[in-house]
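What follows draws every value from the coordinates through simple rules; no lab data is involved. Bear in mind the structure is a predicted one, so any value in this text is a computation, not a measurement. Cβ coordinates were reconstructed from backbone atoms using ideal geometry, including for glycine residues, and neighbour counts include every protein chain displayed.
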Amino acid sequence: MQHPVPQREFTLRGVLLGALITLAFTAANVYLGLKVGLTFASAIPAAVISMALLYKFKDSNILENNLVQTQASAAGTLSAVIFVIPGLVMMGLWTGFPFWQTALICAAGGTLGVLYTIPLRRVMVVQSALPYPEGVAAAEVLRVGDAQRHAETADSAQRSGAMRELGWGTGMAAVFGLFSGGFRLLGDAVNFWIPAGSTVFRVAAGFSPALLAAGYLMGMAAGMAVLLGVVLCWFVIVPWLTAGITPTDGQTLVALASQVWSQKAKFVGAGVIAIAALWALITLAGPIVAAIRAQPARTQTASSGKRDETDVDMPRSWMLMIGLAALAVLFLVVNHFIGAHMTALSVGSRYGLAALCVMFAALFGFLVAAACGYMAGLVGSSASPISGIGIIATVLMGLTLLALSTLVPSFHEGLSGDLGVVLVLFMVSVILAMAAISNDNLQDLKTGYIVGATPWRQQVVLIIGCLVGALVIPPVLDLLYNAYGFAGALPRADMDPKLALEAPQANLMKQISSGIFTGSLDWSMLGTGVVLGLVVIALDWLLRKSGRGALPPLAVGLGIYLPPTIGVTLTIGALLAFCIQKALKKFGERKGAAWIASAEERGLLLASGLIVGESLMGLAIAAVIGFSGQNAPLALVGDGFGAAPWLGLIYFIALTAIFYRRVVTR
């Protein structure tokens, strides 16, 4: 559905509203990320809030709402840099978060991430069949809300029906979120451990409505590939590794298996993701180069008759100027960081090392943008393993600096001891900013493509969102650090370590970079993942060539890397879509093509509603946690409430059944 481009798409009030939403979303994501290692996709909540607030303006429209959610979602996603940068405090290098250093690396990295996604838009959004779950869901939210607002009397029943389906999905997911994450009456997953001699197998499933919807949108091939990864991980890799390790005194097989997965098996998944991402980039290289060449030298409008306004990206001249400015800022910040902490380096060595670090970040950042954009398009931004990309970046950056310290004598003293480790963390935080933004931006561009937005305007507000988010992150990090502290790093001696924020990814990145410089990192797991990834790539190529289906390698890597409570739920969603498609094909022979189209739209709206409901409730609960300062301020029961997993399972089964019936039997 293409809309004519109105004059009031890019407005001052929209930019200001996007900035205000950004403040809330960024703060909430920083807190949740440091607490449990997870962040939520903010595009859909931003779209809903934008529509609710702009509804009072008679001249507001769907495209203005789209730009607001684009800006807010970019800034909320940028908060993923917290997966690395707290490691600098844990290492004792910083006693807080210097405002300008932290803000500028976030801003420079985020801006480069936006620029890197621009040439990927046509090949990965317009020409690709990737589902982009959150992007499609956000578009449906905007379209249904706009249609409901402007519905004529003759279409009121149809529009009301569409809003009703979206409302059903939103309500069911919100209720689950409240009773699970808020009241703690419903469990969010079920786990079964099956002991077998000296090893153990794991069967698990999560109950997240948003993941069910993401699986519904991602399709059968990707769902089966994720399931294959889960099976390989928990029925082959983890049992094999566990069988060769003797548990420590008092350690159970379950605890040992969990430790093996987090410290070893996840690196196999990271290896698969790395080689699969590289393969995806190789296969996309030709179209990407063509897309870059097709970039306009300057903005061309629809009135010029040269190109459709809805297909015009930011001109090359703008990209070049903004990119050079971002790289210059990044060089100055890195040079200042090196000069402040590596005083043994000469001035020339300092400039040379800073230039090499920035060059690595810039080149690897483009690879990251392509890989993250593909993964987000496949399974959605929320399920895309940004921390897996962080692991790969940490390993490559660590190896690069280790090689430089060995091959270039003038760098050796500056990179000795923990100094090399902290420089790795500092640079990976920049790369992760690029990864996080590219992970989200293509979702936003997919939303814009569906609703008929102007790409270059979206790209401009994406950069604005990065700048606003970069200003918010440092003070929020400082506030949380001084209020709670981080695991292993407390700002005051009288603080309770039990209340410290875990910051799990930052701890992991610190361990990896330290392992590289001390020689204690287990390389065999990454190598095993690369070999396994090559096998999967070959199988996928053979399946596609024979016309028998596909086996997306990245999805297999995700199944190994992600917890099974995520992977299995994605697969269940894909199976639900498969069953619904079979039923529609069967009943459609009698009811006709129009009925099939209507049923498919109901399915899309319900799936969108599930993502909307869980996102909004997650934001609401995050706000309550943040204001109360308690871990579970709404909890009605304690952690030992044994019925919670079974009640959650019952709710999840009922939700899946209702989804099927509302799509197929109406």
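So here's what we get for this one:
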| item | result |
| --- | --- |
| Protection proxy ranking, peptides 235-248, 597-610, average beta carbon neighbours within 10 Å, highest first | 597-610, 235-248 |
| Compactness of region 452-593 as Cα Rg over 2.2 N^0.38 Å, two decimals | 1.66 |
| Radius ratio Rg over Rh of region 584-625, counting only Cα atoms, Kirkwood formula for Rh | 1.35 |
| Full-stretch length increase - residue 416, residue 201 - with 0.36 nm per residue and alpha-carbon distance subtracted | 73.2 nm |
| Stretch gain in nm, segment residue 351-residue 408, where the contour uses 0.36 nm per residue and the Cα spacing is subtracted | 19.1 nm |
| FRET efficiency, residue 399 to residue 126 (Cβ-Cβ, R0 30 Å, nearest 0.05) | 0.25 |
| For region 92-101, 3J(HN,Hα) per residue [Karplus equation, 6.51 cos²θ - 1.76 cosθ + 1.60, θ = phi - 60°, Hz, x = Gly/Pro] | x, 6, 10, 9, x, 10, x, 4, 5, 4 |
| FRET E, pair residue 637, residue 542, Förster distance 56 Å, beta-carbon r, rounded to 0.05 | 0.65 |
| Highest-first arrangement of 640-648, 176-184, where packing means the average Cβ count within 10 Å | 176-184, 640-648 |
| Under Karplus coefficients 6.51, -1.76 and 1.60, residue-wise ³J(HN,Hα) of region 66-71 in Hz, glycine/proline x | 5, 5, 5, 5, 4, 5 |
| Listed residue pairs exceeding 32 Å between alpha carbons, taken from 266/446; 545/591; 446/545; 56/582; 58/446 | 545/591; 56/582 |
| Computed label-point distance, nm, for sites residue 283 and residue 492 using a 7 Å Cα→Cβ extension | 5.5 |
| Cα-derived Rg over Rh, computed across region 338-476 with Rh taken as Kirkwood radius | 1.06 |
| Amide hydrogen neighbours beyond the local backbone of residue 189, cut-off 5 Å, H modeled | 207 |
| Protection-proxy order for peptides 461-467, 536-542, each taking the mean of Cβ atoms within 10 Å per residue, highest first | 461-467, 536-542 |
| Region 206-274 - convex hull of alpha carbons, volume per residue in Å³ | 104 |
| Net lengthening on full extension, residue 52/residue 660 (0.36 nm per residue, minus Cα-Cα) | 215.9 nm |
| ³J(HN,Hα) computed for each position of region 107-123 - Karplus, 6.51 cos²θ - 1.76 cosθ + 1.60, integer Hz, glycine/proline x | 5, 5, x, x, 4, 5, x, 4, 4, 5, 7, 4, x, 8, 4, 5, 6 |
| Sequence-distant residues sharing a close amide H with residue 637 (under 5 Å, placed H) | none |
| Size of charge dipole - region 538-626 - debye, nearest 20, with Cβ of Lys, Arg +1 and Asp, Glu -1, no other charges | 500 |
